[in-house]
Amino acid sequence: MNIGAIIVLGALGGVVRLMLSHFGLFGLLTVNLVGSLLLGAVVRWTARHGTPPWVADGVVAGFIGALTSFASLISTTQGLLSSRPFVAAAYLICSVAGAMVLVIIGSHTASLWPAPSKEQTEGYQQNSREEPEWPAPLYWNKMPSQTDRD
């Protein structure tokens with residue numbers, strides 16, 4: 001079940017985030033950037049390889065969702081504004097620009113991995129869509145196909 005995968009992998013992502021947050025500002029920047037790289041790779045890879053829905057939901061919404069945090073980005077930036085405004089600006093720019101670049105790199109990297117054979121994916125719900133254009137929808141397997149819209 002997708003909820004079970006989200007809970008288990010979300011707990012794991014939260015633990016990893018907590019461990020890395022002990023490194024302060026650098027740790028928070030690292031988890032957000034690594035999460036962005038993983039997001040790009042996982043979205044492209046699962047769309048291309050026809051993985052079971054629980055894998056995509058568990059990894060994207062669970063692990064990566066718990067690993068990264070927009071709230072931490074904003075609260076850290078707000079905390080830095082009063083005492084170190086240039087550091088706050090640099091942190092915000094590095095976080096947002098770095099995240100965008102790493103999502104693109106992750107997506108491109110995953111598109112280079114060879115697709116599995118039919119025997120390897122037998123029994124998985126295959127994605128009926130072609131490989132997504134960039135940016136790929138986050139929940140590609142829940143998006144209506146063109147025939148559903150007509």
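The values are calculated or read from the model by the stated rules, or taken from the named source; none is laboratory data. No experiment lies behind these values; they were computed from the predicted model shown. Note: ideal-geometry Cβ built from the backbone for every residue, glycine included; neighbour counts use all protein chains shown. Just the protein is used for accessible areas: all its heavy atoms, side chains included, with ligands, DNA and RNA removed. Shrake-Rupley method; radii C 1.70, N 1.55, O 1.52, S 1.80 Å.
Around residue 50, which amide H atoms from residues at least 5 apart in sequence, or from another chain, sit under 5 Å from its own amide H, with H modelled in the peptide plane?
127
How big is the accessible area of residue 105 in square angstrom, nearest 10, if you roll a 1.4 angstrom probe over the protein chains?
For residue 105, the solvent-accessible surface is approximately 80 Å².
Report, in whole Å, the centroid distance computed from the Cα atoms of the range 1-36 and the range 78-112.
16 Å
Starting from 0.36 nm per residue, how many nanometres of slack lie between residue 77 and residue 11 once their C-alpha separation is accounted for?
Separation in residues times 0.36 nm, less the Cα-Cα distance, equals 21.2 nm.
Keeping all protein chains in place and using 1.4 angstrom, which order do 20, 28 fall into by accessible surface area, from largest down?
Most to least solvent-accessible, the answer reads 20, 28.
Tell me the per residue accessible area of the range 1-91 using a 1.4 Å probe; a whole number in Å² is fine.
Heavy-atom SASA per residue in the range 1-91 reads 50 Å².
Under 14 Å from the Cβ of residue 106, count the other residues' Cβ atoms, weight Lys and Arg +1, Asp and Glu -1, and hand me the total.
Net of charged neighbours comes to +2.
Under the classification rounded if a/c is under 1.5, otherwise prolate if a/b is larger than b/c and oblate if not, where does the range 1-56 fall, given a ≥ b ≥ c as square roots of the Cα gyration tensor eigenvalues?
Since a/c reaches 1.5 but b/c is at least a/b, the shape of the range 1-56 is classed as oblate.
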